[in-house]
1. If I filter the range 94-113 down to residues being closer than 14 Å to Leu63 by Cβ and either over 13 Å from the mean Cα position of the chain (by Cα) or not in a strand (DSSP E or B) (or both), which single residue comes out as modelled with the lowest pLDDT?
2. How about the range 30-58: which of its residues are more than 16 Å from Ile91 (Cα to Cα) and assigned to a strand (DSSP E or B)?
3. Being without any contact (Cβ under 8 Å) to a residue 40 or more places away in the chain, surrounded by fewer than 16 Cβ atoms within 10 Å (Cβ to Cβ) and hydroxyl-bearing (Ser, Thr, Tyr) narrows it down to one residue among Ser75, Ser19, Ser79; which is it?
4. Which of the numbered conditions does Thr43 fail, given that it passes all the others? Conditions: (1) within 16 Å of the chain's Cα centre (by Cα); (2) under 24 Å from Thr135 (Cα atoms); (3) of a type in the set (Ser, Thr, Tyr).
5. Please go through the range 59-78 and pick out each residue that is outside any strand (DSSP E or B) and in contact with a strand residue (DSSP E or B) (Cβ under 7 Å, 6 or more places away or on another chain).
6. Could you count how many residues in the range 1-16 are farther than 29 Å from Pro99 by Cβ, surrounded by 13 or more Cβ atoms within 10 Å (Cβ to Cβ) and either in contact with a His (Cβ under 8 Å, 6 or more places away or on another chain) or not small (Gly, Ala, Ser) (or both)?
7. Hey, can you tell me all the residues within the range 79-93 that are of a type in the set (S, T, N, Q) and either more than 26 Å from Asn15 (Cβ to Cβ) or in a strand (DSSP E or B) (or both)?
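The values are calculated or read from the model by the stated rules, or taken from the named source; none is laboratory data. In this text the structure is predicted, and so the values were computed from the model without any measurement. When we count neighbours, we look across all protein chains shown, and the Cβ atoms used for this are built from the backbone with ideal geometry, even at glycine.
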Amino acid sequence: MAIELVNYNTSVPSNFNDSINVNVTPIPVTVALFGLNIPSNNTNVVLVGSAGLRSFLGFPEVLFRVVRDTAVIGSTITSPLVIGEFLNIPINFVDRNVPPGFHTYRLTAELTTSSLTTNATIVGPMTLSGLAITTV
């Protein structure tokens with residue numbers, strides 16, 4: 001059984017720390033977005049990325065989600081422990097048995113704690129890549 005690369009795409013809003021400034025709110029914010037065409041059944045998409053996050057007020061909890069079209073593929077939650085702390089959050093998920101067709105992948109971030117007492121900002125780096133592979 002051989003593995004074949006069938007598609008690849010990436011979203012790179014920023015490769016550098018402190019190069020972007022996206023406030024995280026209780027409403028999900030899309031921070032990376034790309035599309036992939038899946039030509040056949042038995043295709044998995046390996047999703048890899050990173051999100052640079054800095055806390056500015058309190059101890060915010062930030063929920064990151066990777067979404068295919070409207071389905072959540074995976075999520076991770078993080079919380080800086082010190083005001084002003086920088087975290088580089090790794091994003092690693094596998095979307096298994098993706099149906100054929102064109103799909104949109106996006107990475108969202110949302111604040112899960114009170115926005116009155118906590119604040120976080122995505123400052124970079126900010127990347128998300130998808131590698132579609134199938135077995136032949």
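1. Thr113
2. Of everything in the range 30-58, those that are more than 16 Å from Ile91 (Cα to Cα) and assigned to a strand (DSSP E or B) turn out to be Gly35, Leu36, Asn37, Ile38, Thr43, Asn44, Arg54, Ser55, Phe56, Leu57.
3. Details: Ser19 fails: without any contact (Cβ under 8 Å) to a residue 40 or more places away in the chain; Ser79 fails: surrounded by fewer than 16 Cβ atoms within 10 Å (Cβ to Cβ).
The match here is Ser75.
4. So Thr43 meets the others, but not (1).
5. The first filter runs over the range 59-78 and keeps only residues outside any strand (DSSP E or B), leaving 59-61, 69-70.
Listed by number, the residues that qualify are Pro60, Glu61, Asp69.
6. First pass over the range 1-16, keeping only residues farther than 29 Å from Pro99 by Cβ: 14-16.
Adding the requirement that they be surrounded by 13 or more Cβ atoms within 10 Å (Cβ to Cβ) leaves 14.
Restricting the remaining residues to those that are either in contact with a His (Cβ under 8 Å, 6 or more places away or on another chain) or not small (Gly, Ala, Ser) (or both) gives none.
So the count comes out to 0.
7. Kept after step one, since they are of a type in the set (S, T, N, Q), are these residues of the range 79-93: 79, 88, 92.
Within the range 79-93, Asn88, Asn92 qualify.
One line per residue, one yes/no per condition, for (1) free of Cβ contacts under 8 Å to residues at least 12 places away in the same chain; (2) in contact with a His (Cβ under 7 Å, 6 or more places away or on another chain); (3) surrounded by 14 or more Cβ atoms within 10 Å (Cβ to Cβ):
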residue	(1), (2), (3)
Ile27	no, no, no
Ser55	no, no, yes
Val62	no, no, yes
Val66	no, no, yes
Ala71	yes, no, no
